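Undergrad: The structure's right below; bear with me while I get my questions together.
The values are calculated or read from the model by the stated rules, or taken from the named source; none is laboratory data. Remember, predicted model here, so these are calculated numbers, not experimental data. Positions of Cβ are generated from backbone atoms using ideal geometry, with glycine treated the same way; all protein chains shown enter the neighbour counts.
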Amino acid sequence: MALTEADLARIAAAVDEDRLWRMHMEMAKFGATAKGGVCRECLTDEDNQARKLLIQWAHELRCTVAVDAIGNMFIRRPGTDPDAVPVATGSHLDSQPTGGKFDGAFGVLAGIEMLHALDAAEITTTRPVEVINFTNEEGGRFQPGVMGSQVYTRPEELERMLSAVGADGVILRDALAAFRAMAGPMEDRALNLPYAGFVEAHIEQAPMLEETGNTIGVVTGIQGSRKYQVTVTGEEAHSGTMPMRRRKDAVLAASTMVVGLHRMMEDPADLTRFNVGRFQAYPGAPSVVPGQVRFAIDFRCPDDALREGLGGQIAGLCQALAGPCDVQVDEIQRSETTPFDPGVMAMIRKAASRADAPSMDLLSGAGHDARNMTKLCPTGMVFVPCKDGVSHNEAESATAADLAAGARVVAQVVAEMAG
Ligand code: GLV
Ligand code: MN
Ligand code: MN
């Protein structure tokens, strides 16, 4: 049954700004850093503690918690029709190694606040409503990121992802087993089960909302990206004795590649986003000519043709700049620029106006689990401002009022889709 305008207004009014803020501060204790951010990488002790608190909050709301083969968590509030396909919201509790309190956590906690608001407004939906905590969105410890939703929507990727080796040498499969042992028995959830709709709340991670004085971003889509792992192999040697002309120095070759790639990616229209954020030399000793370098490329661009063209030149340029070393370039993730559902976008605009929050349309430069969910169901995203557009940084900051506005929008949209 469709909910009335009055029902949706009651749900929005039941979102409690203080409770939502308190939940953020509680979660931020897990992995809290001296600079006010969080280090809560995927399936570390800190992430597992955050997951455990989420389970506790779900049970306090009389919701069930299920977990799938990649560790995604599904908190379910039943609807009147137990056979109906559910509607979901959610995001991720894992963080970058020097992350903030809001990237990801907001989307999960806005979902928990939605469950409180539905209870407070005494709303019973027809479809079940779920809050999802996706595994390894950030991709810092285990690569690639946005992994949980990728496996959920493409189960054939499960084995490859379970075998991912973390930056600390731990295999994801073992980290997951440790979480399951710590969390105790939980219902198992199959991968790729359908949804009737999905909406994700997130801080913007860019300055557009703040610059324009808008509170809600109606996200039109997510720009495409290509991620690569590059391995440059030279030869270890004594740094004091081996003549320069005879060296196979992997750092020299790899840094020449990084500079060359940055030059190739220069774009007068400022559409390309190119980053080498991890660059590791082995064996990493001052007096050994480095025998190997591994570096990670994160390349994004909303223009599909430009991204395809430039991405296609990466391996060739690395080869050309390898000097006496060998190089191997592996593409580990690739996505097209993905539009969101116009119907969900329209619901978000209406929900923002019901909540008296000024909104604007914008494209997401960051990747999100919502991108993968577009394969399953009508999907959208709601952005709220973050201070100075800063994110992936311990200084990341957002206001309680803006977070509550985003939660009000998500609660209404999920309720509307759930009927
Ligand atoms: C997500 O954190 C991304 O890297 O876009
Ligand atoms: Mn995020
Ligand atoms: Mn992030």
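Undergrad: Within the set of pairs 6 or more residues apart or between chains, which connect a residue that is farther than 23 Å from K227 by Cβ inside the range 125-141 to a residue that is in a strand (DSSP E or B) and within 12 Å of ligand 2 (Cβ to nearest atom) with Cβ atoms less than 7 Å apart?
TA: Going by the 7 Å Cβ cut-off, the qualifying pairs are V131/G90.
Undergrad: In a loop (DSSP other than H, G, I, E, B) and either more than 22 Å from H392 (Cα to Cα) or within 20 Å of the chain's Cα centre (by Cα) (or both): does that describe G111?
TA: Numbers: in a loop (DSSP other than H, G, I, E, B): no; either more than 22 Å from H392 (Cα to Cα) or within 20 Å of the chain's Cα centre (by Cα) (or both): yes.
In short, no.
Undergrad: Go through (1) surrounded by 22 or more Cβ atoms within 10 Å (Cβ to Cβ); (2) within 23 Å of the chain's Cα centre (by Cα); (3) without any contact (Cβ under 8 Å) to a residue 60 or more places away in the chain for P290 and report which single condition fails.
TA: (2)
Undergrad: Could you say which residue among P324, P385, P342 is away from ligand 1 (no atom under 16 Å from the Cβ) and in contact with a Lys or Arg (Cβ under 7 Å, 6 or more places away or on another chain)? Quick ask: steps written out before the conclusion?
TA: On the way: P385 fails: in contact with a Lys or Arg (Cβ under 7 Å, 6 or more places away or on another chain); P342 fails: in contact with a Lys or Arg (Cβ under 7 Å, 6 or more places away or on another chain).
One residue alone meets the criteria, P324.
Undergrad: Of the residues D94, D81, D103, only one is more than 16 Å from ligand 3 (Cβ to nearest atom), of a type in the set (D, E, K, R) and touching a residue at least 24 places away in the same chain (Cβ under 8 Å); which? Spell out how you get there, then give the answer.
TA: Working: D94 fails: more than 16 Å from ligand 3 (Cβ to nearest atom); D103 fails: more than 16 Å from ligand 3 (Cβ to nearest atom).
None of the other options fit; the residue is D81.
Undergrad: Hey, D103 hits all of (1) surrounded by fewer than 24 Cβ atoms within 10 Å (Cβ to Cβ); (2) within 16 Å of ligand 1 (Cβ to nearest atom); (3) within 26 Å of R154 (Cβ to Cβ) but one; which does it fall short on?
TA: That leaves (1) as the condition not met.
Undergrad: Give me a count of the residues in the range 118-150 that are of a type in the set (S, T, N, Q), within 16 Å of ligand 2 (Cβ to nearest atom), in a loop (DSSP other than H, G, I, E, B) and more than 16 Å from H392 (Cβ to Cβ). Break it down stepwise before answering.
TA: The initial filter retains those residues of the range 118-150 that are of a type in the set (S, T, N, Q), namely 124-126, 133, 135-136, 143, 149-150.
Next, from what is left, pick out any that are within 16 Å of ligand 2 (Cβ to nearest atom): 133, 135-136, 143, 149-150.
Within this subset, residues satisfying the condition of being in a loop (DSSP other than H, G, I, E, B) are 135-136, 143.
This time we only want the ones that are more than 16 Å from H392 (Cβ to Cβ), so: 135.
The total comes to 1.
Undergrad: Quick check on this structure: which one of A370, A315 is within 16 Å of ligand 2 (Cβ to nearest atom), modelled with pLDDT of 95 or more, not charged (D, E, K, R) and not in a strand (DSSP E or B)? Show your work before the answer.
TA: Values: A315 fails: within 16 Å of ligand 2 (Cβ to nearest atom).
After ruling out the rest, the residue left standing is A370.
Undergrad: Considering only the range 362-380, state which residues are hydroxyl-bearing (S, T, Y) and near ligand 1 (Cβ under 9 Å from one of its atoms). Write out each step before concluding.
TA: First pass over the range 362-380, keeping only residues hydroxyl-bearing (S, T, Y): 364, 374, 379.
Scanning the range 362-380 gives a single hit, S364.
Undergrad: Also, quick follow-up: With (1) among the β-branched types (V, I, T); (2) surrounded by fewer than 16 Cβ atoms within 10 Å (Cβ to Cβ); (3) touching a strand residue (DSSP E or B) at 6+ places or on another chain (Cβ under 9 Å) as the list, and T124 as the residue in question, which single condition is left unmet?
TA: (3)
Undergrad: Now for a different question. Of the numbered conditions (1) surrounded by 21 or more Cβ atoms within 10 Å (Cβ to Cβ); (2) away from ligand 3 (no atom under 16 Å from the Cβ); (3) not in a loop (DSSP other than H, G, I, E, B), Q229 satisfies every one except a single condition; which is it?
TA: (1)
Undergrad: Restricted to the range 280-296, and to residues that are assigned to a strand (DSSP E or B) and in contact with a helix residue (DSSP H, G or I) (Cβ under 7 Å, 6 or more places away or on another chain), which residue is nearest to ligand 1 (Cβ to nearest atom)?
TA: For the range 280-296, the residue satisfying everything is F295.
Undergrad: Looking only at the range 5-44, how many residues end up being polar (S, T, N, Q) and either out of contact with any Lys or Arg (no Cβ under 9 Å at 6 or more places or on another chain) or not assigned by TED's automatic domain parsing to the domain that holds V409 (or both)? Explain how you work it out, then say what you get.
TA: Keep residues of the range 5-44 that are polar (S, T, N, Q), which gives 33, 44.
From what is left, the residues that are either out of contact with any Lys or Arg (no Cβ under 9 Å at 6 or more places or on another chain) or not assigned by TED's automatic domain parsing to the domain that holds V409 (or both) are 33.
Residues in the range 5-44 being polar (S, T, N, Q) and either out of contact with any Lys or Arg (no Cβ under 9 Å at 6 or more places or on another chain) or not assigned by TED's automatic domain parsing to the domain that holds V409 (or both): 1 in total.
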